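Working notes, structure below.
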Amino acid sequence: SYKHSADQVVTAQAVVVSSAISDNNPELIKAHELNIPTVPRAEMLAEIMRFRFGIAVAGTHGKTTTT
C-alpha cells in the first residue's frame, strides 16, 4: 500500500492534487513549504490532452461490451 511521505516531493517540479487529498496531507504540506507548484488533477488532465484527441464512452448500458 502507498504511504504518503513529505520526502517524496522534495525533488518534484510540480505536485498534482486530487480533490480526495486533504489539506493536512504531508506531501501537500511539504510542497507548499518548498514553493513547489500544486496543480489540480482536472487541470493537469486538460493540459495533457490539449494537443490530443480523446474518446469517452459514457452512459448507463453497454460500456463493458465496447472494445
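Tabulated data for the structure shown
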read-out	value
Test: residue in the stretch 33-43 that is under 16 Å from the mean Cα position of the chain (by Cα), free of Cβ contacts under 8 Å to residues at least 12 places away in the same chain and at negative phi	yes
The lone exception for residue 59 - which of (1) on the phi < 0 side of the Ramachandran plot; (2) exposed (fewer than 13 other Cβ atoms within 10 Å of the Cβ); (3) without any contact (Cβ under 8 Å) to a residue 12 or more places away in the chain it fails	(1)
Given (1) within 16 Å of the chain's Cα centre (by Cα); (2) part of a helix (DSSP H, G or I), index of the condition residue 12 fails	(2)
Those residues of the stretch 15-41 which are modelled with pLDDT under 95 and either part of a helix (DSSP H, G or I) or among the β-branched types (Val, Ile, Thr) (or both), in sequence order	21
Among (1) loosely packed, with under 10 Cβ neighbours inside 10 Å; (2) in contact with a strand residue (DSSP E or B) (Cβ under 9 Å, 6 or more places away or on another chain) - the single one residue 39 does not satisfy	(1)
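Yes/no matrix, rows are residues, columns are (1) of a type in the set (A, V, I, L, M); (2) surrounded by 10 or more Cβ atoms within 10 Å (Cβ to Cβ); (3) in contact with a helix residue (DSSP H, G or I) (Cβ under 6 Å, 6 or more places away or on another chain):
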residue: 3; (1), (2), (3): no, no, no
residue: 33; (1), (2), (3): no, yes, no
residue: 46; (1), (2), (3): yes, yes, no
residue: 64; (1), (2), (3): no, no, no
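The values are calculated or read from the model by the stated rules, or taken from the named source; none is laboratory data. What you are looking at is a predicted structure, and each value in this text was computed from that prediction instead of being measured. Every residue, glycine among them, receives a Cβ derived from its backbone with ideal geometry; neighbour counts consider all protein chains shown.
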